[in-house]
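A.B. asks: First the structure, which I've put down as structure tokens, then a few questions once you've had a look.
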């Protein structure tokens, strides 16, 4: 049975998200794809997001509202780090690793919650530590980010 089971960790890129180099976020699937210039998926993974704050549309990575485009060790202004923060939507919305506590370094929730609706962010796209590193390396100023429901 296991050999015929459909994989849930490899998903096709949703239709209608354009072509070329881009990042695609599906809020309905809680999933993200990094796609190179040839249209090949180079990485994909589950996410935690919050559709209340991030609306469908096409965005570009980079500085917004006078804030830096990338911040290696961002903070929520209180007790959390938002590591590998990459901004792509106004004003404070971006990709980052699951937040970690400044004291002790533990994540606020487990990786296995990524790809589910069991948690919600404050607007950003939470990803695993590994995926946050891939996104950090993949994005340059102006990288297209397509968000669909």
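A.B. asks: Once both labels are modelled 7 Å past Cα along the beta-carbon direction, what's the residue 116-residue 65 spacing in nm?
C.D. replies: Result: 3.0 nm between the two label points.
A.B. asks: At a threshold of 8 angstrom on Cα-Cα distance, excluding pairs fewer than six apart, so keeping six or more, what relative contact order does the range 20-148 reach in percent?
C.D. replies: Reported relative contact order: 33 percent.
A.B. asks: Give, in nm to one decimal, the length gained when the segment between residue 91 and residue 42 is fully stretched (0.36 nm per residue of separation minus the Cα-Cα distance).
C.D. replies: 14.9 nm
A.B. asks: Distance between Cα centroids, the range 15-43 to the range 109-137: provide it in whole Å.
C.D. replies: Distance between centres, Cα-based: 16 Å.
A.B. asks: From the Cα trace of the range 20-148, what convex hull volume per residue do you get, rounded to a whole Å³?
C.D. replies: It comes to 96 Å³ per residue, whole-number rounded.
A.B. asks: On to the next question. Per the Kirkwood treatment, what hydrodynamic radius in Å, one decimal, follows for the range 1-82 from the mean inverse distance over all distinct Cα pairs?
C.D. replies: 15.4
A.B. asks: Give me the extension gain from residue 140 to residue 79: residue separation times 0.36 nm, minus the current Cα-Cα distance, reported in nm with one decimal.
C.D. replies: The residue 140-residue 79 span can extend by a further 19.1 nm.
Quick note: the coordinates plus some simple rules give every number you see, no bench work behind them. Just so you know, these numbers come straight off a predicted model, no measurement behind them. With ideal geometry, Cβ positions are generated from the backbone for all residues, glycine too; neighbour counts draw on all protein chains shown.
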